[in-house]
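First up is the structure itself, then whatever we jot down about it.
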C-alpha cells in the first residue's frame, strides 16, 4: 500500500538555495531511489513544503530523519495517510522554487492542522458536514498544490530522475 506525508517547515536563515539543492535534494534522490520513495520539495526564502510517497515504513523512516534535520524548524504535517497512486512517480526527489506560493500560503494558513487517516475514514462520533467540508477543502488544496508542482516540473524535463 502506498502512503504519503505532506509537511511544511521554516527554513533556517543561513541556508542558501544552492545548499538546498546540493545538500538536500541530490542526497535525497540517492536515498529515496534505494527505498523507492518519490516526492517533491518546494521552497521559497523562508519555507519548505515537501511531499513524500512510497511504502509507509520507508516514508516514515525518511520523515523521521527530516524532522531531526537542523536545516529547518517548526515542522508541521499537513496530511498523511494511504494514497491510491503517486503524484511524483517520475522523481525520486525533485524540487521547485516559489511556484504556487499563493496556494501554499492558503494551505498553510487554513489547514496547518493535519488530517489523520482516521479522520479521512470518518469516525462515527465525529462525522459531521463541517468536517467533511473542511476535509474536502483540504484535499482540494493539496491536489491543487500537487498540480502546480507538476506543472512546474513539466517545464523542466531535464530534472526527471
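What follows is calculated from the coordinates using simple rules that are stated; it is not laboratory data. The structure displayed is predicted, hence computed values, not measured ones. So basically every Cβ, Gly included, is an ideal-geometry build from the backbone, and we count neighbours across all protein chains shown.
Observations on the model:
- Ascending count of other beta-carbon atoms within 10 Å, so fewest first, for 40, 35: 35, 40
- Interatomic Cα distance distribution for segment 1-89, bins of 5 angstrom, percent: 3, 14, 27, 27, 18, 9, 2, 0
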